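The values are calculated or read from the model by the stated rules, or taken from the named source; none is laboratory data. Just so you know, these numbers come straight off a predicted model, no measurement behind them. Note that each Cβ is placed from the backbone with ideal geometry, even for glycine, and that neighbours are counted across all protein chains shown.
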Amino acid sequence: MNVRHIVITALVLLLFAVLGTGLVAFTYDSTRGVIAANARAKLLRDLNTLVPSDRYDNALLNDTLGVRDPALLGTQEPVTVYRARKNGQPVAAILAPIAPDGYSGDIKLLVAINADGTLAGVRVTAHRETPGLGDAIEAARSDWILKFAGRSLADPDEKHWAVKKDGGVFDQFTGATITPRAVVKAVKKALIYFQRHRQSVFAGAQPPTAEAASP
């Protein structure tokens, strides 16, 4: 192969690389807005599962607060709090803490707490727990996660905020105690955080317009 042929081949490969990179960049730029909008719509649907849109009239995705408390919220990173209000009055706060001690690592949660300190509900948003065992924390897999609704730090009392194997009131899964134990612990800690910081959680101005729920 002569030098001229090598140069031509290299130039052709370079051209394809430039075209490919440009195509990827164009595709990303043209779709990232749609991807972001879809992500926001899904998040709003998830939040509305816990706090229905008829309970609040503010812009839930915009009325947020970033808070830090590694001991109670499970991460060194800021945790987002979504604040639901109606007629300017606090309705509920939805926290996004992490249960760091799942069987296979972090379990990401949404914990919705009514203004009176009772739980509106809990959902798991991401995890790597064992399929068929630990994944029963998903609402689509079982009704276990639904049983947090209505609970508070007074129901049960602090000593019984645990799985039954540890003397608490919450069911564990056959062959997978670590996963529900981690979730129960994280939800309890989120409630403690809210109890300690309720006033500051709802402090600050709210956006003036309500955000329509996505279908």
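Applying the selection to segment 116-130, what residues are more than 17 Å from D101 (Cα to Cα) and either in a helix (DSSP H, G or I) or more than 18 Å from the chain's Cα centre (by Cα) (or both)?
Residues satisfying the conditions are D116, G117, T118.
From I113, I145, grab the single residue that is more than 13 Å from the chain's Cα centre (by Cα), surrounded by 13 or more Cβ atoms within 10 Å (Cβ to Cβ) and assigned to a helix (DSSP H, G or I).
I145
Counting only residues that are among the basic types (K, R) and in contact with a strand residue (DSSP E or B) (Cβ under 8 Å, 6 or more places away or on another chain), give me the strands (runs of 3 or more DSSP E) lying completely in segment 28-103 with at least 2 of them.
79-86
State which residue pairs qualify: first residue closer than 18 Å to I113 by Cα and inside segment 70-85, second residue among the hydroxyl-bearing types (S, T, Y) in any location, beta carbons under 7 Å apart, and separation of 6 or more residues or different chains.
Matching pairs, first to second residue: L72/Y193; L73/Y193; T80/T64; V81/T64; Y82/T64; R83/T64; A84/Y56; R85/Y56.
Identify all residues within segment 88-110 that are more than 15 Å from the chain's Cα centre (by Cα) and β-branched (V, I, T); write none if there are none.
Correct list: V91 only.
So T179 fits all but one of (1) in a helix (DSSP H, G or I); (2) modelled with pLDDT of 95 or more; (3) surrounded by fewer than 14 Cβ atoms within 10 Å (Cβ to Cβ); what number is the exception?
Status for T179: all satisfied but (3).
On the given criteria, is T118 surrounded by fewer than 24 Cβ atoms within 10 Å (Cβ to Cβ) and touching a Ser or Thr at 6+ places or on another chain (Cβ under 6 Å)?
Answer is yes for this residue.
Scan segment 155-163 and give yes if some residue there is more than 23 Å from L72 (Cβ to Cβ), out of contact with any Asp or Glu (no Cβ under 7 Å at 6 or more places or on another chain), part of a helix (DSSP H, G or I) and at pLDDT 95 or above, otherwise no.
No: segment 155-163 contains no residue that is more than 23 Å from L72 (Cβ to Cβ), out of contact with any Asp or Glu (no Cβ under 7 Å at 6 or more places or on another chain), part of a helix (DSSP H, G or I) and at pLDDT 95 or above.
Write out, first by first residue and then by second, each pair whose Cβ atoms fall under 8 Å of each other, whose residues are 6+ apart or on separate chains, and whose first residue, in segment 135-161, is over 14 Å from V183 (Cα atoms) while the second is of a type in the set (D, E) and assigned to a helix (DSSP H, G or I).
If the second residue must be of a type in the set (D, E) and assigned to a helix (DSSP H, G or I), the pairs left are R141/D135.
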